[in-house]
Amino acid sequence: MAIFLSKKKSKASKKLETKQHHFSDTVLFKILYRIPAAILLLILILLWSSSTTIISGKFVHVCVSSRKLNNLYCLSAGTQPNFEILMPALNNSSISPNISASVKEVVNTVRPDSDPLVSNRVQNNDSDGEVAFAVKVVEEQLQVQRSWISNKNYVASCDGRGIYVYDLPSKFNKDLVGQCADMIPWTNFCKHFNNEAMGEPIAKLGKGWYHTHQYALELIFHTRALKHPCRVYNENEAKLFYVPFYGGLDILRWHFKNVSNDVKDTLALELVKWLENKKSWLQNSGKDHVFVLGKISWDFRRRSDASWGTRLLELDQMQNSMKLLIERQPWHINDIGIPHPTYLHPHSDDDIITWQMNIIRSNRKILVSFAGAARPDAPENIRSILINQCNSDETKCRFLNCSSGGCDQPESVIELFMESEFCLQPPGDSPTRKSVFNSLVSGCIPVLFDPFTAYYQYPWHLPEDHSKYSVFIGQEEVRQMKVNVAESLMKVSERRRQDMRRYIVYELLPGLVYGDSNSQLEKFQDAFSITMNNLLERVNRIE
């Protein structure tokens, strides 16, 4: 809860407030007078022990402890944007030794008075130890999620691996797609749903390239699931149950309309009610069910004092099931991050091999590039600093300004990344970025500034040793002008760059892209196959 404390009041408001206080005090006294002192004391003790009040700057925050949330909800939501706590240094494997081996990451917090698209960073007024504990929980959960990774590279047999795809009422998916023209006021979303949600082809980039929207994951995944070789049509033969609810589209249609929170939550509540009538849902309390949600976790975790998003993932009935998202909530074990959809959707192994050869042979004449836009309304964001650094030395750095439409054409972004050794990937409206995956698919080494951008997100698709594919620079070093990013990156040896690029291209790239719905991959596993195999591994371990 966030309460703005005004410093000035008019005389009239003071008189009115005095009368209100007198009335409320009288009523309160009458109520309290009837409560036995012992009971009142117990209530006060309970309230004190179950909540933490933080008074900082302009806002008052009350964070209610909960066993279900492991007392970490306060750490992930509820303070003003400039409240900062230093987080203990990450493992050295996360940070390039050529840049900063002992950087301390600054973790900011969610804005209580604005859209919670801002960030999923940590806040607590107690001590650095509290933040370190939260990070420890995150890392332990990632280890558990990595333990679900299947050692089976290919589906040799579907025995005991049946996947059941619910045929939901159309209001939960198809009807939402039908609202594409009215989903966002300034654009017609329908074009993004062409070609099975891959979007329009990009002829300039060649076969398998499409203008894919970052929120198209729900539709892409659903189409692939319907054609999975282990799909079954009898619930009794299923091991895994896929619920094709387009929750991201449900949110998008309300983002810019003046409707109540009850309206925003209607479809989510109806979905839960529909599932609770299914024997397949009840038999394992939803533990063997999976949802694919094409937006960030915070959009489905609306706080009581906020207006953005829905409460889908805060519903009690949704806690046991697995949720696949482009950005996970770091303190929820059943939130699993999977790659943002990129522009590349290969059909065959040859498509992947051809692209691998193209980017390995690419002439990288630019040291570092940044495709993005400043955040003038978010002064704590480091983007403006990076843009200024980049523009100050155009011989080393190339800036593509997305605020002026420079990124509207995907080929412009991909071509820039193919010419760059390093690609800057600072947080935007939230820590993760689709651009991270576009840079990896282009063979450009991502430079990260927040561990929540990738390191704490994608345990099935990115390795635990982050130094294999990325460079890390702490945000606070950038804010304090202690580091010039381009000059630091120049210190990374040519041999090191080549090793990282080969790892990205040959080890990571195939598993970061979603093949088309009729893809015939034999040598490689794409992002969809990796995800489904690991989901099946997970449900096999359900007790």
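The values are calculated or read from the model by the stated rules, or taken from the named source; none is laboratory data. What you see is a predicted model, and the numbers here were worked out from it, not measured in a lab. No Cβ is skipped: glycine too gets one built from the backbone with ideal geometry, and neighbour counts run over all protein chains shown. With ligands, DNA and RNA removed, areas are computed over all heavy atoms of the protein, side chains included. Shrake-Rupley method; radii C 1.70, N 1.55, O 1.52, S 1.80 Å.
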Run the accessible area of region 412-543 with a 1.4 Å probe and give the carbon-and-sulfur part as a rounded percent.
40 percent
Along the Cα→Cβ direction, 7 angstrom out, place labels at LYS482 and ASP349. What is the inter-label distance in nm?
4.9 nm
Whole-percent tail of the Cα-Cα distance distribution for region 349-511, cut at 24 Å, equals 29 percent
Can you order the peptides 413-419, 360-366 by their average number of other Cβ atoms within 10 Å per residue, highest first?
413-419, 360-366
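For region 258-333, which GluC sites (Glu not before Pro) are both in a DSSP coil and crowded by at most 16 other Cβ atoms within 10 Å?
Numbers: sites: GLU270, GLU276, GLU314, GLU327; in loops: GLU276.
Listed in order of number, the matching sites are GLU276.
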Filtering GluC sites (Glu not before Pro) in region 332-413 by DSSP loop and by at most 13 other Cβ atoms within 10 Å leaves GLU394
Could you check the simple spin-label distance between ASN358 and ILE333, using points 7 Å along Cα→Cβ, in nm with one decimal?
4.3 nm
Per residue, in Å², the accessible surface of region 199-304 once ligands and nucleic acids are set aside, probe 1.4 Å
41 Å²
Gain upon complete extension [VAL263, THR187; 0.36 nm per residue less C-alpha separation]
25.1 nm
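Which entries of LYS287/LYS323; LYS257/LYS323; LYS171/LYS264; LYS287/LYS434; LYS239/LYS287 have Cα-Cα distances beyond 19 Å here? Before the final figure, lay out each step's value.
On the way: LYS287/LYS323 11 Å; LYS257/LYS323 26 Å; LYS171/LYS264 14 Å; LYS287/LYS434 29 Å; LYS239/LYS287 11 Å.
The answer is LYS257/LYS323; LYS287/LYS434.
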Any chance you could get the radius of gyration and Dmax over the Cα atoms of region 406-480, in Å?
12.4, 35
Tell me the per residue accessible area of region 349-511 using a 1.4 Å probe; a whole number in Å² is fine.
36 Å²
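List the chymotrypsin sites (Phe, Trp or Tyr not before Pro) within region 204-309 that fall in a DSSP loop (any state other than H, G, I, E or B) and whose Cβ has at most 11 other Cβ atoms within 10 Å. Before the final figure, lay out each step's value.
Working: sites: TRP209, TYR210, TYR215, PHE221, TYR233, PHE241, TYR242, PHE245, TYR246, TRP254, PHE256, TRP274, TRP281, PHE291, TRP298, PHE300, TRP308; in loops: TYR215, TYR233, PHE245, TYR246, PHE256, TRP308.
In loop regions of region 204-309 (DSSP not H, G, I, E or B), the sparsely surrounded chymotrypsin sites (Phe, Trp or Tyr not before Pro) are TYR233, PHE256.
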Set of aspartates and glutamates with alpha-carbon distance to LYS207 below 18 Å, sequence-local pairs under 8 removed
GLU196, ASP349, ASP350, ASP351, GLU411, GLU415, ASP516, ASP526
With point charges of +1 on the Cβ of Lys and Arg and -1 on the Cβ of Asp and Glu, referenced to the Cα centre of region 208-257, which listed residue (LEU240, TYR210, PRO229) lies farthest in the positive direction of the dipole?
TYR210
